[in-house]
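A.B. asks: Before I ask anything, here is the structure I am working with.
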Amino acid sequence: MSARHIAHLHLHGDLGEEAYAQVLELLSGITPHVQAFPPDAVQLDLTSALRYFDRGPYEVVQMARMRVAAHHGIETSAGLAGNPMLAAMAAAASPPGHTTRIPGDRAAVAAWLGPRPVAALPGVGRATAAALGTYGLRTIGQVADTPAVTLQRILGAAPARLLAERVLGHDPRPVTPQAPAARVTADLVLDRDCLDPVRHHRAVLGLAEELGRRLRNEAQVTGRLTLTLRYADRSATTRTRAVPEPTAHSPLLTATAVGILTSFGLQRARVRGYVLTADRLRPVAEATRQLSLDSADTRARAVEAAADRARRRFGPHAVHPATLAVPLPGEAVSEAGPTSEPSVPGRLKGGADPSRRPGAGRR
């Protein structure tokens, strides 16, 4: 297999969606293998472009950076390496206006990675780095020299296998051409005003659960949630918050969505509708997941996968979170779960059956 040449560009400055889309279009004139990492990064597979331009990979990267600066006045930094992970790490180590290149041979990769802190690897957070640090494993080189059985005792089997691949600089993922991700939206419209904080919480919980199921069914993850509350006077308030890591895991989505709801500081607000939107989507295969030492997280994800299988077999309402399964006073219970209370009857946008839980649709 011929060597790959992957470039990762960081775009510096305050870019809007339109400017970012224009940069993607410009770079697609250099190579068709352009992958968007909104809002301020882009990855290019230059392997097939080298012969066309009759230039080396470093020269083609510099050409791309000059084009972005000349056409849009945007300063960039870049990383160049043999796979997406190393290219992204090289770009992160590059100050604005510079390009860091990691040679393709194994010795050069090991020499570049070796002295760097283990937390510099994608997916290695503070908890994992701290656990390794208690055993004196603070650099990537030290971890690479550690026997696999020792890493498994420290981290567990699955995280240890993933870490062992990363410390050697291995990353087989391709650069996948794609447009900036679309949005997935779930909404709930009420027929009457709702002032109850408990029911606000339940509504947002239901929407977050629905978004999580939709994202997992479509094999996507989201990097950001936006919650919009619509009021009786037809006004609306919108707030946005990034999730801790790109995910489709319902507990993480729920925690973020409830955090946004809390930030509104609602007291006696007359809410008539809720809209929860997930954007910055990407395929789940291209997302980096934080390594975790918490066995409860592994169990929660296993339970979630089992619940998804049950829903696919028996219908979308076969499994509910416990909070939604127990009705509040005034709520009726059906096979589909609790319905909206008589004092605040709910209906889904689009005229769906009000006895159903909040639905989701692509906007």
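The values are calculated or read from the model by the stated rules, or taken from the named source; none is laboratory data. Just so we're clear, the structure is a prediction, and the values are computed from it rather than from any experiment. Backbone-built Cβ (ideal geometry, glycine too); neighbour counts: all protein chains shown. With ligands, DNA and RNA removed, areas are computed over all heavy atoms of the protein, side chains included. Shrake-Rupley method; radii C 1.70, N 1.55, O 1.52, S 1.80 Å.
A.B. asks: How many angstrom lie between the C-alpha centres of segment 7-22 and segment 182-250?
C.D. replies: 27 Å
A.B. asks: Let me cross-check GLU209: its accessible surface, 1.4 Å probe, with only protein heavy atoms counted, in Å² to the nearest 10?
C.D. replies: Near enough 30 Å² of accessible area.
A.B. asks: Same structure again: Could you work out the mean projected area of the convex hull around the alpha carbons of segment 174-235, in square nanometres to one decimal?
C.D. replies: 5.9 nm²
A.B. asks: Report Rg (one decimal) and Dmax (nearest whole number) for segment 21-84, counting Cα atoms only, units Å.
C.D. replies: 11.0, 31
A.B. asks: Could I ask something else about it? Binned at 5 Å from 0, what are the whole-percent values of the Cα-Cα distance distribution for segment 77-203, short to long?
C.D. replies: With a bin width of 5 Å, the distribution comes to 2, 9, 16, 16, 13, 10, 7, 6, 6, 6, 5, 2, 1, 0.
A.B. asks: While we're on this one: Expressed in nm to one decimal, what extension gain is obtained for the pair ARG192 and ARG116 from 0.36 nm per residue of sequence separation less their Cα-Cα distance?
C.D. replies: 21.6 nm
A.B. asks: Which FRET efficiency value, to the nearest 0.05, is calculated for THR150 and LEU266 with the Förster distance at 41 angstrom and r the Cβ-Cβ distance?
C.D. replies: According to the calculation, E is roughly 0.20.
A.B. asks: Can you give the accessible area of LEU151, probe radius 1.4 Å, in Å² rounded to 10?
C.D. replies: 0 Å²
A.B. asks: Using only C-alpha atoms and all pairs of different ones, pull out the Kirkwood radius for segment 242-283 in Å with one decimal.
C.D. replies: Its Kirkwood hydrodynamic radius stands at 12.0 Å.
A.B. asks: Per residue, how much space in cubic angstrom lies within the convex hull of the C-alpha atoms of segment 178-291?
C.D. replies: It is 98 Å³ per residue.
A.B. asks: Measure off 7 Å from each Cα along the Cα-to-Cβ vector at ALA255 and HIS12, then give the distance between these two points in nanometres to one decimal.
C.D. replies: 3.3 nm
A.B. asks: Probe 1.4 Å, all protein chains in place: accessible area of ASP196 in Å², nearest 10?
C.D. replies: Number for this one is 50 Å².
A.B. asks: Please give the per residue volume of the convex hull enclosing the alpha carbon atoms of segment 1-151, rounded to a whole number of Å³.
C.D. replies: 125 Å³
A.B. asks: Follow-up. What distance in nm separates the simple spin-label points at ALA305 and ASN217, each placed 7 Å from Cα in the Cβ direction?
C.D. replies: Result: 2.0 nm between the two label points.
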